[in-house]
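This report concerns only the one structure given below.
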Amino acid sequence: MSEISIKAEELLHIGNFPVTNALLMSLLVFIFLASASILLRKKLSLIPGKVQSVLELLLEGILNLMDSVLGSRAKSEKYLPFIATIFLFILFSNWFGLLPGVGSLVLREGEHGAIPVLRAPSSDLNFTLALAVLAVVSINIFGILAIGIAAHAKKFFDFSNPINFFLGILELISEFAKMVSFSFRLFGNIFAGEVLLTIIAFLVPYVIPLPFLFLEVFVGFIQAFVFGMLALVFTAIATTEHATEH
């Protein structure tokens, strides 16, 4: 069994930019989702078929869930593309990492053993950290657009009194804490699952790993759901103007 590496392995370089196996898998997930969305859009019709009816029911359920957090259908429809894109991208990134051949298809032998061509994107801390930074920055941009830059900045820099100023600094620190929490929660769970499946498959191959594989399918969904829900809750907070006490 090759050594399990926390760091994603480099496959090649484009100029000075390293292309890792986790990055390659994330590109494949992006191509898959983009292609699927284009095909589904072409097949949309005013009289829905069975597949479109099921998708519309799922969409309505998602909007109802978002309504319960955001408090309005208009806001739910506005932020649906952001939340749904994050959820679907993480979900399929996690599930693609469980496909047969991922981790076993080897490009070459490296310093620490075989280098797999593909690797679950969420098992790379660079991927989860970049996703977390993108999510938090986007949420703050939504806040600025929703309530104005002055009102949004006042959440972090409130000079009305020492207590509000201190609370604002804590709020600012919490924005960076969100990035760490987002990234390490997703990375830790997916990487741990990847390690578990690798060890189980090596020790007791064939039938025994199947229950663990189904467990990781569920874990992959839960992690995508948690990430999406946290992004939704933080979006609701960022786009709501804080009441000022006098």
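The values are calculated or read from the model by the stated rules, or taken from the named source; none is laboratory data. Since the structure is predicted, the reported quantities are computational estimates derived from the model, not experimental observations. All Cβ positions, even for glycine, are placed from backbone atoms using ideal geometry, and neighbour counts span all protein chains on display.
So here's what we get for this one:
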| read-out | value |
| --- | --- |
| Residue in region 90-103 that is modelled with pLDDT of 85 or more and within 22 Å of K78 (Cα to Cα) present | yes |
| Count - residues of region 163-210 that are among the charged types (D, E, K, R), over 19 Å from G97 (Cα atoms) and at pLDDT below 70 | 0 |
| One residue from I90, I62, I38 being β-branched (V, I, T) and in contact with a Gly (Cβ under 8 Å, 6 or more places away or on another chain) | I90 |
| Flag if L57 is loosely packed, with under 15 Cβ neighbours inside 10 Å and modelled with pLDDT of 80 or more | yes |
| L59 aliphatic (A, V, I, L, M) and over 24 Å from P100 (Cβ atoms) | yes |
| Residues that are among the hydroxyl-bearing types (S, T, Y), out of contact with any helix residue (DSSP H, G or I) (no Cβ under 6 Å at 6 or more places or on another chain), assigned to a helix (DSSP H, G or I) and over 24 Å from V219 (Cβ atoms), drawn from region 53-104 | S53, S68 |
| Selection from region 141-182 of residues that are surrounded by 17 or more Cβ atoms within 10 Å (Cβ to Cβ), in contact with a helix residue (DSSP H, G or I) (Cβ under 7 Å, 6 or more places away or on another chain) and part of a helix (DSSP H, G or I) | F142, G143, H152, K178, M179, F182 |
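Conditions (1) surrounded by 14 or more Cβ atoms within 10 Å (Cβ to Cβ); (2) more than 30 Å from V117 (Cα to Cα); (3) more than 22 Å from the chain's Cα centre (by Cα), marked per residue:
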residue	(1), (2), (3)
L11	yes, no, yes
G15	no, no, yes
S26	yes, no, no
I31	no, no, no
K43	no, yes, yes
G61	no, yes, no
L65	yes, yes, no
L70	yes, yes, no
